[in-house]
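What follows is a short report on a single structure.
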Amino acid sequence: MKQELIDDLIKLALKEDIGEGDHTTLATIPASATGKMQLIIKEEGILAGVEIAKHIMLTFDPELKMEILLHDGDKVKPGNIAFTVEGKVQSLLQIERLVLNVMQRMSGIATTTRRYVEKLEGTKTRVLDTRKTTPGMRMLEKEAVRIGGGVNHRIGLFDMILLKDNHIDFSGGITNAITHTKEYLRKKRKKIPVEIEVRNFSELNEVLRIGGVDRIMLDNFNVENTRTAVELVNGRYELESSGNITYDTIREYAETGVDYISVGALTHSVKSLDMSLKALF
């Protein structure tokens, strides 16, 4: 993860939530009061965000002491205690909601990802995430996908070239898009992966004639056409399936032999995992 992005996110989130001060806490809790809280799991799933929670706490108050009982990637069930944290009560109450928001969201993503990964057991296909993430939280959400057993696609627009339909159409077609990309990388002296999206067999065959890419994305191919495309490519390029693939259909696509299947649902419509951070006496 890019640590500077995580640090900026934490600072912004704390500023957003606390503003000029947590008046409820400041009005009711003496500055000298100390206490302890525990994170209680209330739903089965995959735990994610423990290390980020630790970073949030120590960023806000370096004197807080955290005892980690369960780790990122662990399977959890109702009643499990993920960690305890002790220190100034004012600090504990001010970071409570941010820690929960991050951990619930990340654990929900990790849990969903693990379901997809388990669905593909026995095949060579890996589950990819997408850029369909919450603005500002991408690094956390992609880390949650990794914790759940999935594979990160590109992080942003800077670490891979992905020639999608709009790039291809605005460039004047497959050949132009690939040719311009090769020239751009040569001039910039850059070595980053190149992937291209194809919408039909005509475009796929054009890519196979030209070459110059690392991966081909089969956009909205049905299962039968995906199987044909795998046979046609015959291992010359990595293949990724994308578009309207659900949990119920993903196994069929994997059994065609594609290398990757990208699933926007890992991050764009996931349900958070239920948990709470409660005072411990």
**Asked** Under the condition of being in contact with a helix residue (DSSP H, G or I) (Cβ under 6 Å, 6 or more places away or on another chain) and of a type in the set (D, E, K, R), which residue from the range 235-277 is most open to solvent (accessible area, probe 1.4 Å)?
**Response** 271
**Message:** For the range 70-81, check the following and say yes or no: at least one residue is farther than 16 Å from residue 109 by Cβ and either open to solvent by less than 10 Å² (accessible area, probe 1.4 Å) or touching a residue at least 40 places away in the same chain (Cβ under 8 Å) (or both).
**Reply:** yes
**Message:** Whether any residue in the range 101-118 is in contact with a strand residue (DSSP E or B) (Cβ under 9 Å, 6 or more places away or on another chain) and under 30 Å from residue 27 (Cβ atoms) is what I want to check.
**Reply:** yes
**Asked** Can you find a residue in the range 26-37 that is closer than 19 Å to residue 273 by Cβ and at pLDDT 95 or above?
**Response** yes
**Request:** Give me a count of the residues in the range 239-277 that are part of a loop (DSSP other than H, G, I, E, B), among the polar types (S, T, N, Q) and modelled with pLDDT of 95 or more.
**Result:** 4
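For (1) out of contact with any Asp or Glu (no Cβ under 7 Å at 6 or more places or on another chain); (2) of a type outside the set (D, E, K, R); (3) over 14 Å from residue 92 (Cα atoms), each residue gets a yes or a no:
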residue	(1), (2), (3)
9	yes, yes, yes
13	yes, yes, yes
18	yes, yes, no
26	yes, yes, no
43	no, no, yes
54	yes, no, no
68	yes, yes, yes
71	yes, yes, yes
**Message:** For the range 53-68, check the following and say yes or no: at least one residue is over 21 Å from residue 276 (Cβ atoms), open to solvent by 50 Å² or more (accessible area, probe 1.4 Å), assigned to a loop (DSSP other than H, G, I, E, B) and modelled with pLDDT of 95 or more.
**Reply:** yes
**Asked** Does residue 48 satisfy the criteria of being aliphatic (A, V, I, L, M), assigned to a loop (DSSP other than H, G, I, E, B) and within 21 Å of the chain's Cα centre (by Cα)?
**Response** yes
**Asked** Got a number for residues in the range 245-281 being touching a Gly at 6+ places or on another chain (Cβ under 7 Å) and within 16 Å of residue 106 (Cα to Cα)?
**Response** 5
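The values are calculated or read from the model by the stated rules, or taken from the named source; none is laboratory data. In this text the structure is predicted, and so the values were computed from the model without any measurement. So basically every Cβ, Gly included, is an ideal-geometry build from the backbone, and we count neighbours across all protein chains shown. Accessible surface is based on the protein model in full, side chains and every heavy atom, while ligands, DNA and RNA are left aside. Shrake-Rupley method; radii C 1.70, N 1.55, O 1.52, S 1.80 Å.
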